[in-house]
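The structure under discussion is supplied below as structure tokens; questions concerning it will follow.
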Amino acid sequence: MAQETRTTCPYCGVGCGVLVRVDDDGRTSVSGDPDHPANFGRLCSKGSALAETLGDDGRIHHPEIGGRQADWDEALDLVAGTFAQTIAEHGPEAVAFYLSGQLLTEDYYVANKLMKGFIGAANIDTNSRLCMASSVAGHRRAFGADTVPGNYEDIELADLVVIVGSNMAWCHPVLYQRLAAAKAARPEMAVVVIDPRRTATSDIADLHLSVRADGDVALFNGLLAHLHDNGWTDLAFVAEHTEGFEAALTEARRLGPTELAEITGLLPQEIAALYERFAGAEKVVTLFSQGVNQSSSGSDKVNAIINCHLLTGRIGRPGMGPLSLTGQPNAMGGREVGGLANMLAAHMNLDNAADRDRVGRFWAAPSLADRPGLKAVDLFEAVADGRVKALWIMATNPVVSMPDADRVRAAIAACPFVVVSDIQRDTDTARLAHVLLPSLGWSEKSGTVTNSERRISRQRAFRAGPGEARADWWQFAEVGRRMGFGDAFAYAGPHQVFAEHAGLSGFENGGARDFDISAHAGIDAASYERLKPFQWPQPADGPSPDGGSRFFADGRFYHPDGRARFVAAKGEAERRTNWGFPFVLNTGRIRDQWHTMTRTGKSPRLSAHLAEPFAEIHPADARACGIDDADLVEIESAEGGRVIVRALLTDRQARCNLFVPMHWTGETSALARVNALFPGRVDAVSGQPALKHTAVRLRRHDSAVHGFLVSSEKPEGVDTDYWALARTEHGWRLELAGSEPAEGWEDWLRRVAGLSSQTDTIGYYDRTGTRMAAFEGTRLVAALYVGEGPVAVSRPWAADQLGQSFADPHRRADVVAGRPGKGGSDKGAIVCACASVGINDIRAAIASGCQSVAAVGETTAAGTNCGSCRPEIRRILESMMMQAAE
Ligand code: SF4
């Protein structure tokens, strides 16, 4: 009998429900859960490809100590003993946990309890610091609690949706598709996108404002003044439910129109267009994400946005309010358990004595932390200077994701004791571990996650983990037990952790705190198994505000006086560029990859759309630097650090701005860990690093040779200046550039592709380059193409030939040539990852008469699943139609 499981996607904060089906023969397929209120059956390209990421390759199967296999008892005794000894010798501040928004709430809860309640320090921070900390700080300043007021339905009900600093079409695709569908059904709905780049999200925008980096506070301060001066103020709401408006308005008025235009980089008429739309639409939702949060003024940006909603009383009612889009699947769950260095559990505050007392009593904690711990950047500073001597990193890859990433790598490498719990062995961080612990991954672990609209959903296991892999909460509980705190960590399963978490949320609450799910306190295993997605709050002893779906419609906030706060946000934006470093560097995600690609990188389909690290450059800037499309370029920052990536010229990029994605690591590229270019500059309030704005210079990177390799085996020992590795259906593909290897290309190929002595190679070598193919019997196992410039090869076609039999010598010659022979076809670079449709297929459909994105979809299936590729199909269509008209 096929087995079906309802679970939740492990990627972005939309939190889509996933239906997993495992057939009798073990084949696994996924589809969107039609009953899940986040996605109603939709999945994006990443969610759709989840079944392709379940492979065992690269997984850690057993605990390891110093590179040798160990059993759990030995490894956990070592971890507990070393942490206890370090605390005894140097105090509790000498140890730290660095965790992840990928963790389940239950994992987070146990880690937070161990560190803050029993170790007695608050040195527990997570990669959510890189993601959501400014939103948390902004919410707490404005509302008195980290409360997301609205929900996803508001986006569909709004008359105006303002999207600030978010390429939602790629980073929160299913929610974007909900917005796009609502706009298609109600064309009078307006969408404004505020982003330096014209991204795929701008595709449905009525107005795109290419704001200068960090010009957002000034833009929303100007809006606040405009709304006030033109009578768009809800005076009763402001008077009865808020404080601090005069100070915020005074600050907002400090910048005149000239300064506003200068700081935002926008024309007065563009600014006026936004202001008029915002003033004139009652139902306004402002969505914001990393372009707001990852800034040295991130908290002020959040408050500048919230100020405008408070002034107009547009909060907590259907179709209106600020809505922060969480980057990670469980950033919100981490916030609920207080999994950041400056928070306590269940939305209580570390700096509040009554809260500390309450949590301490609930946990029966012997030594509750009494002050905030180190936030991520400071934490790794403390590792670097030796204050932190024992560090446990779980489910995250700070050697890639932290700013100043080279310094972070050096700090971890020098730390006396590093524990890494992960699922993959070869991450840049796992390589530095003294103790490596095998964790369960998505599909194997069980618990809950909370999405951007406060909806808690179950992630359910549907298969066993490899080897001795164990749950993350269990690892912390076992270390807690071994440190002498057994009674407090005697959980029989994740349901008991959740039951306790729910109990704490309602403990002495009485409506004083927003986060209350005490309706689930004491939940048993069977009910936990059946738990349906629900939005918090769900208190045990009373109704939720507005049925639990919205906060603040009643004007009651969580500051002691019940009023919200306007915050006087500073409008000036730092200018970081100078004559030596004239470009603003921005980073972010691409459509089909997630974080450092440890899971999505396993999917050939997801690796096919953009298979190399790249920099988006405006064509005029590229011309000025002597750079052509597809050249390699070097980018260096003022603070040090260098990457080599491929140039992608596009007028969707703003002048003097560059964009480089964040996904490539030391595992997948030679030199493309882009966060190594960013200094550890943070927002002073939230401690969130500014990962969207640093000053860099740009130049072409010249190489004597360029090449492309496909190989059945994973290439090892690649030593060229530039390389980038990606998975394909039958092996791997590698772009490379550098100099001729001393050993010659054939020996290089044999070494890198791991070819046996039985492998035959054929090829040709001339002044322009080398092309060779390697066969085991008649089966193609590798092919290499090298030339003085970028080599002409039909890359997807060449990759598809791996593993095929080539008895016919003519067909072997096609492989050496790197393109299909007569009668063959080449779909070209993949545009639609869901249906694996290439650009050549799309062009052919358009040439044969398809005149709309829908028509292309009917002919090729491209864009008919998640819809994330529709903007790209539209651009291809427009460009071909324009060419035809010329
Ligand atoms: S939008 Fe995509 S990545 Fe995000 S939760 Fe849904 S399926 Fe997963």
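The values are calculated or read from the model by the stated rules, or taken from the named source; none is laboratory data. Remember, it's a predicted structure, so these values are computed and weren't measured experimentally. Don't worry about glycine lacking a Cβ; one is built from the backbone with ideal geometry, like all the others, and counts go over all protein chains shown. For the accessible areas, the whole protein counts, side chains as well, though only heavy atoms, and no ligand, DNA or RNA atoms are used. Shrake-Rupley method; radii C 1.70, N 1.55, O 1.52, S 1.80 Å.
Which of Lys46/Lys532; Lys116/Lys389; Lys570/Lys692; Lys116/Lys375; Lys375/Lys445; Lys183/Lys532 have a Cα-Cα distance over 21 Å?
Lys46/Lys532; Lys375/Lys445; Lys183/Lys532
Would you mind calculating the gained length between Ala410 and Asp524 on full extension (0.36 nm times residue separation, minus the Cα-Cα distance), in nm to one decimal?
Roughly 36.5 nm would be gained on extension.
Of Ile305, Leu50, His61, whose Cα points farthest to the positive end of the dipole of the chain (charges on the beta-carbon: +1 Lys, Arg; -1 Asp, Glu; origin at the Cα centre)?
Ile305
Percent of Cα-Cα pairs per 20 Å bin, from 0 to the last occupied bin, for the chain, please list those.
All Cα pairs, binned at 20 Å, distribute as 15, 48, 32, 5, 0 percent.
Moving on. From the Cα gyration tensor of the range 448-584, with a ≥ b ≥ c the square roots of its eigenvalues, which class applies: rounded if a/c is under 1.5, or else prolate if a/b is larger than b/c, or else oblate?
oblate
Hey, another quick one. State the percentage of accessible surface on the range 23-83 attributable to carbon and sulfur atoms; use a 1.4 Å probe and exclude ligands, DNA and RNA. Spell out each step's value before the answer.
Values: 1250 of 2580 Å².
Using a 1.4 Å probe with all protein chains present, the range 23-83 comes out at 48 percent carbon and sulfur.
Please list 74-82, 201-209 highest first by mean number of surrounding beta-carbon atoms within 10 Å per residue.
Per-residue mean Cβ counts within 10 Å order the peptides as 201-209, 74-82.
Using a Förster radius of 30 Å, what is the FRET efficiency between Ser852 and Glu282 based on their Cβ-Cβ separation? Nearest 0.05, please.
It comes to 0.35.
Which percent, to the nearest 5, of DSSP beta bridges fully inside the chain are antiparallel?
65 percent
In percent, how large is the relative contact order of the range 757-886, given Cα pairs closer than 8 Å and 6 or more residues apart?
15 percent.
Further question on the same structure: How far apart, in nanometres, would the label points at Ser825 and Arg700 be if each is projected 7 angstrom from Cα along the Cα-to-Cβ direction?
3.8 nm
Another question about this same structure. For Asp721, what accessible area in Å² do you get when you roll a 1.4 Å probe over the heavy atoms of the protein chains, rounding to the nearest 10?
Asp721 exposes around 80 Å² with every protein chain in place.
Report the FRET efficiency, 1/(1 + (r/R0)^6), for Gln804 and Arg253, where r is their Cβ-Cβ distance and R0 is 60 Å, rounded to 0.05.
0.30
Between Val18 and residues 5 or more places away or on another chain, which pairs have amide H atoms under 5 Å apart, with H built 1.01 Å from N, and which residues are they?
Thr7, Thr8, Cys9, Asp33
Can you tell me which of 192-200, 94-102, 463-471 comes out highest on packing, and rank the rest after it, using the mean Cβ neighbours within 10 Å?
Numbers: 192-200: 23.2, 94-102: 26.6, 463-471: 17.1.
Top of the packing list down: 94-102, 192-200, 463-471.
Measuring from the lowest to the highest alpha carbon on each principal axis, how far does the range 179-227 reach, largest first, in angstroms?
Between the extreme Cα coordinates on each principal axis of the range 179-227 lie 33, 26, 12 Å.
I've got another one for you. Give, in nm to one decimal, the length gained when the segment between Asp370 and Glu240 is fully stretched (0.36 nm per residue of separation minus the Cα-Cα distance).
Fully extending the segment from Asp370 to Glu240 adds 43.3 nm.
Ignoring ligands, DNA and RNA, please state the percent of accessible area on the range 400-490 from carbon and sulfur, probe 1.4 Å.
Whole-percent figure for carbon plus sulfur exposure: 46.
Where in the range 498-596 are there chymotrypsin sites (Phe, Trp or Tyr not before Pro) that are in a DSSP coil and have at most 14 other Cβ atoms within 10 angstrom of their Cβ? Each step should come with its number before you reach the end.
Values: sites: Phe498, Phe507, Phe515, Tyr528, Phe534, Phe551, Phe552, Phe557, Tyr558, Phe566, Trp579, Phe583, Trp594; in loops: Phe507, Phe515, Phe551, Phe552, Phe557, Tyr558, Phe566, Trp579, Trp594.
Sites meeting the loop and neighbour criteria: Trp579.
Once you place label points 7 Å from the Cα toward the Cβ at Gln85 and Phe40, how far apart are they in nm?
So the two model labels end up 5.9 nm from each other.
Less than 11 Å from a label point 7 Å out along the Cα-to-Cβ axis of Asp206: which backbone N atoms in the range 267-307 qualify, by residue?
Label zone hits: 274, 276-282.
Additional query: Along the Cα-to-C-beta direction of Gln3, a point sits 7 Å from the Cα; which residues of the range 443-464 have their amide N less than 19 Å from that point?
443-448, 458-464
Give me the accessible area per residue for the chain, probe 1.4 Å, as a whole number in Å².
Roughly 34 Å² per residue, with all protein chains present.
State the Kirkwood hydrodynamic radius of the range 192-306 in Å, one decimal place, computed from all pairs of distinct Cα atoms.
Details: mean 1/r = 0.0677 Å⁻¹.
Result for the range 192-306 stands at 14.8 Å.
Tell me the carbon and sulfur percent of the accessible area for the range 545-616, rounded to whole percent, probe radius 1.4 Å. Present the calculation step by step, with values, prior to reporting the outcome.
Working: 1360 of 2550 Å².
Carbon plus sulfur share of accessible area: 53 percent.
So which trypsin sites (Lys or Arg not before Pro) in the range 685-720 pass both tests, a DSSP loop state and at most 12 other Cβ atoms within 10 Å of the Cβ?
none
Another question, if that's okay. State the extension gain, in nm to one decimal, for the chain segment bounded by Gln69 and Asp561, taking 0.36 nm per residue of separation less the distance between their alpha-carbons.
Values: separation 492, 0.36 × 492 = 177.12 nm, distance 5.74 nm.
That works out to 171.4 nm of additional length.
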